[in-house]
Every structure is written in C-alpha cells, then in structure tokens.
Amino acid sequence: MAQNTPLNTEKPTRNIYQFGEASEIALATKNLHVFYGNNEALSEGDLQFERYKITSLIGASGSGKSTFLRSLNRMNDNVATVKGEIMYRGLDINSRAVDVYEMRRHIGMVFQRPNPFAKSIRDNITFALKQRGMKDKEQLDAIVESSLRQAALWDQVKDDLGKSALALSGGQQQRLVIARAIAMKPDILLLDEPASALDPISTSQIEDTLLELKEKYTIIIVTHNMQQAARISDYTAFFHMGKVLEYDETRKIFTRPKVAITNDYISGNFG
Amino acid sequence: MQAKTVNKIATGVLYIIAGLVILILAALLGYILVNGVPHLSWHFLTAPSRAFQAGGGIGIQLFNSFYLLILTMLISFPIALGAGIYLNEYAKKNWFTTMIRTAIEILSSLPSVVVGLFGFLLIVVKLNFGFSILSGAIALTLFNLPLLTRSVEGSLNSISNLQREAGSALGLSKWETVLHVILPAALPSIVTGVVLSAGRVFGEAAALIYTAGQSAPALDFGDWNPFNMASPLNPLRPAETLAVHIWKINSEGIMPDAAAVSAGASAVLVIAVLLFNILARWLGKVIFKRLTAAR
C-alpha cells in the first residue's frame, strides 16, 4: 500500500472520496468491532486480503464470520454498529463520508439464497448498469454476454435472455446473481455461503466459476463447508466467538493448524 | 381420547363451520340475485330513475357510482401508495411511526356513517363544496385510505428482504431499489388490493348520504365539459350513487315499483362487487405471470 495516498487522514473536500490505486492488498481491516445493540458480535478483525486470491472465512454458526463479511461493504449499516477501519485503495470505507452506493459497485456481494430480481435474465444484469447511465445497447449486450460467460451460465440461457429469472433453477439463479455482481466490474466479490442452498452439482459448478473468477477478482467467501474451503481458497481465516483465531494459507490451516480449537473445528469435533 | 379421534372431530367441526359460512353467503347472494335479476334490462340499466311513476331505471346512479369510484381512487391511491412505501420501507420503529400505525388502525375501524357526517360538516358545509361528487370522493378517501394503506404496506412487506439486499449490494440506492425492484415485484398484490378496495368503495352508502347527496339530477351524456352543470363529468354536481339509491328507495321511495327497483339495483350492486373480486384475482394472477413466467 506504499504508493497510496492515505486520503482518510485529511478532511474530505468532496462528499465522494476518490479511491486510490489498487495494490497487492485488496482490502484490509483494522481494529474492527461490530455491535448489535450492546452485544459485541465481533471484537477483533485485523485482516488483510490479498488481491486475486480466494480467502475463506470459516467458523461455527454465530462465530462472527458473516457479520464480518457483511461489514466489509457496509451491508450491516442499518442493523449493527461497525467501528474500526476498512481500508480499500487507501480509503477507510467505513467512514461516513464515503458514498456507500459507489463503494458497493467496487465491492460486490452474493448472498446465501439466490436473489434474482423478478425481471428477465437480461434485465437482471443490465438494470443496475442502466441506473448508472449506461444506455448503449451494444455495450450492454456485450456485458450481458461476458458476465454470463464468466459465471458459466451463458450456454444455458443465451437463447432466452428475455425469460424471467425466476424460472431458472436455484443453481442457475445463483450463477445469474454472480453474473449480475460481476457485470458491475467490482474489484472484490464477497460471497456469503453462496452454495449452501444448492445441490452438490450446482455447488461444484459455482466452485469452478469462482476459481475462474479469481483471475480477475479478489474473492472473500464465507463457508460452512470445510471441503469447499480446502478446495478453492488460498487463505483461510478461522473465526471463533467473535475473534479471528487463526489466519493463514489454507494448506497450513488444514494440515498444521496452530490453535487446538481450529483443529477441533476442521476435523468436525464441534460446530 | 386418542389424538386421531380428536383430530377427526376437530376436522369435522371446522368443516361444518366453513360450510355454514358458505351457506349463509350463498343464501344471501341467491336471495338478492333471484329477486333482482328478473328486473334487469338494458332500459333499467340506462334509464334515469323516476320518483313517482313506475318504470324508472338506475342509469345515472350507476354512472355516478363508477365516476365517484374513479375519483376516489385517483385521490386515495397515490396517498396510500406513498404512505405504504414510507411505513414499510423507510419508517423506523419509534413512537412517531407507532402513532401513525395506531391512527391508521383507528381510522380503519371508524363507522362509515361517522366518516359521512364528518365529511358533511367539514367538506360540504365548512369548505362549501356542497353535496357533490368531490365531497363524496373526499369522504370515501377518508374511509378507504387506512385500508388501502395497510394493503399496500402488506404487499410491500411480503417481498423478501433478499430483494432489498440484492439492490443495495449492487450499489443501488434505497429509492432505486424500492422504485424498480420492490414495487414491480409487489405490483400484482397491490393491484389486487386496489381492486378489492374498489369493491368496498363501490358498495358504500352511509359515508355518501351526507356528502355526495341523495339526488341524481338529469345528465346530458352529450356534454363532456366538466364545468357544465349537466355534464356527467362535473365533479361539483350532487350525485346519488347506486348504494345510496337502494337505501333511499327502501326508506322513503314512493314509486309504485319501489320494491322491484330496489331488488334490481341490489342485484346490479352485488354483481358489480363480485366482478371486482373476480377481476382482482384475475388481474393479480396475470401480472404475476407476466413478471415471473416466460415472456
């Protein structure tokens, strides 16, 4: 992050911060605390996420991993109090002065349950782009095709892009949602258990998709599925009772965990 | 007793209760339709009513009912939509919104005759709108607004929060999400609510007796300038509606065929409300299909 200008230390001159250059560390949190009312759900989150890597967040239910993930693009704004810094391209995006709408186009999110809009497949992808003023039909069509291809859905839907997205299967819907997220050309893709509501075949398709997306995006994924974390991620963070107990290369976490609880969790002794 | 036996008895009792409800409804409807339908004719549906002789129709009253309904909906729907969106999408849970919700609750249980008398004092007398379609429409708005607001709120509430999250995750503002994602998805249910409330408004009498008036002056259906007194579109003319007409004939009608006119008018009213209900279901289904199925 050496070349970046730390804009957050200065007073903002405009309402919308300017993001600095991208660096090897795509996203970093400092001293992150999340409160639901007076209950602290997450008390420690000093993590750095490397660019073009997949990082898995694992841990038992209620360990704070989803809370952490949702704080990263401010989806917790209305439900929780998030303190601390989230550094993205030299900016603290947890600052109130940051334009969250603009920020979320850089840091996209995919949720546990597929949530396509009740619109056609094409409109699902183009809608947000159109809202941001993109009107050129050829350009939009190109983005529809490229993002559906990246999400490995193009071949199945290319002939009925006008069809309602709700008519797709769950796995297809989830890949459409991923396509919709990458159509915004984000830097970072946050995924909150994206495959937990899907069957094994759809799950493995989603995993393949993520491994391909890694070339262009930084991916942070919450998963309950140990094998999934081991299969696809480069780094793994283990959350336990609101704290990050261990954060290392996935290989190391799964072969030689340093903390006993981590070992217990990944070998299925609790959680 | 065994769980199985208890279950059987409970099921049986529930069947009997449900059957009873249907039976009462069917008897009522059957009575009105059997008595009324034989009097229906094109002449009856289009001719003006007569005060003293036999052979009068309900043409003007029927037109008044529809015109009043449209006017009421034009006033109440935008307000209900705005209030419903605010309550469901924007309102935080605090004393102010609790107060609004309580007020809506109270307003919706207000007897319609009270709404009518309030409308008479405020709109007809104080604001000097006179007995008119406009006064009636405002009174009906007061009567309709709480129920319509809650119906809109309920429609929006039934849209999954996943859709709202999807919108914000794409960097759409709350308003963009509400306008382009939530509202279209809630549209079938909103339309159903509007049409159902239209049926309720169409059959309302008590709120109109003192606001829209009990007289139906002759209309010139060739004159569509809303500023002319004889124009059907004039919102400031007194306008007896179908429901008020039925009430009036039965309380002080002196035409020789009063019973027949009343029966016929009742049948028309019931059929209209039934049509509204069928239309509501059909329209909701069609829109839902358009939104979800293959296009």
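The values are calculated or read from the model by the stated rules, or taken from the named source; none is laboratory data. Just so we're clear, the structure is a prediction, and the values are computed from it rather than from any experiment. Cβ coordinates were reconstructed from backbone atoms using ideal geometry, including for glycine residues, and neighbour counts include every protein chain displayed.
Here the condition is being more than 14 Å from chain A (Cβ to nearest Cβ), touching a His at 6+ places or on another chain (Cβ under 7 Å) and under 23 Å from B:PHE131 (Cα atoms); of B:ALA265, B:ALA230, it holds for B:ALA265 alone.
Considering each of A:ASP199, A:ASP192 in turn, give the residue that is charged (D, E, K, R) and either buried (at least 20 other Cβ atoms within 10 Å of the Cβ) or at pLDDT 90 or above (or both). Exactly one residue qualifies, and that residue is A:ASP192.
The residue that is farthest from the other protein chains (Cβ to nearest Cβ), among those in segment A:90-117 that are charged (D, E, K, R) and closer than 30 Å to A:SER169 by Cα, is A:ARG113. In this structure, does A:TYR88 turn out to be aromatic (Phe, Trp, Tyr) and either modelled with pLDDT under 70 or out of contact with any strand residue (DSSP E or B) (no Cβ under 7 Å at 6 or more places or on another chain) (or both)? Spelling it out, it is not the case that A:TYR88 is aromatic (Phe, Trp, Tyr) and either modelled with pLDDT under 70 or out of contact with any strand residue (DSSP E or B) (no Cβ under 7 Å at 6 or more places or on another chain) (or both). May I ask you to verify whether B:ILE104 is over 19 Å from B:LEU242 (Cβ atoms) and touching a residue at least 24 places away in the same chain (Cβ under 8 Å)? Considered against the rule, which asks whether it is over 19 Å from B:LEU242 (Cβ atoms) and touching a residue at least 24 places away in the same chain (Cβ under 8 Å), B:ILE104 comes out as yes.
Tell me the strands (runs of 3 or more DSSP E) entirely within segment A:178-271 that contain at least 1 residues that are over 24 Å from A:ASN124 (Cα atoms), without any contact (Cβ under 8 Å) to a residue 40 or more places away in the chain and out of contact with any Cys (no Cβ under 6 Å at 6 or more places or on another chain). Ranges flagged: A:243-249. Return a yes/no flag: does segment A:143-154 have any residue that is under 30 Å from A:ALA260 (Cβ atoms) and buried (at least 23 other Cβ atoms within 10 Å of the Cβ). Scanning segment A:143-154, I find no residue that is under 30 Å from A:ALA260 (Cβ atoms) and buried (at least 23 other Cβ atoms within 10 Å of the Cβ), so the answer is no.
Across segment B:175-185, the qualifying residues are those that are facing another protein chain (nearest Cβ under 7 Å) and touching a Lys or Arg at 6+ places or on another chain (Cβ under 8 Å), and the one among them that is farthest from A:VAL110 (Cα to Cα) is B:PRO184. Where helices (runs of 4 or more DSSP H) fall entirely within segment B:66-174, those with at least 3 residues that are more than 14 Å from every other protein chain (Cβ to nearest Cβ) and buried (at least 20 other Cβ atoms within 10 Å of the Cβ) are at B:112-119, B:133-157. Could you grab me the full set of residues in segment A:151-177 that are within 12 Å of chain B (Cβ to nearest Cβ) and part of a loop (DSSP other than H, G, I, E, B)? Passing the criteria: A:ASP159, A:ASP160, A:LEU161, A:GLY162, A:LYS163, A:LEU168. Whether a residue is more than 9 Å from chain B (Cβ to nearest Cβ), outside any loop (DSSP other than H, G, I, E, B) and out of contact with any Pro (no Cβ under 7 Å at 6 or more places or on another chain) was assessed, and A:MET87 passes this test. Per the conditions (1) away from chain B (no Cβ under 11 Å); (2) in a helix (DSSP H, G or I); (3) charged (D, E, K, R), the sole criterion not satisfied by A:LYS130 is (1).
For segment A:37-84, residues that are within 26 Å of A:ASN225 (Cβ to Cβ) and assigned to a loop (DSSP other than H, G, I, E, B) total 18.
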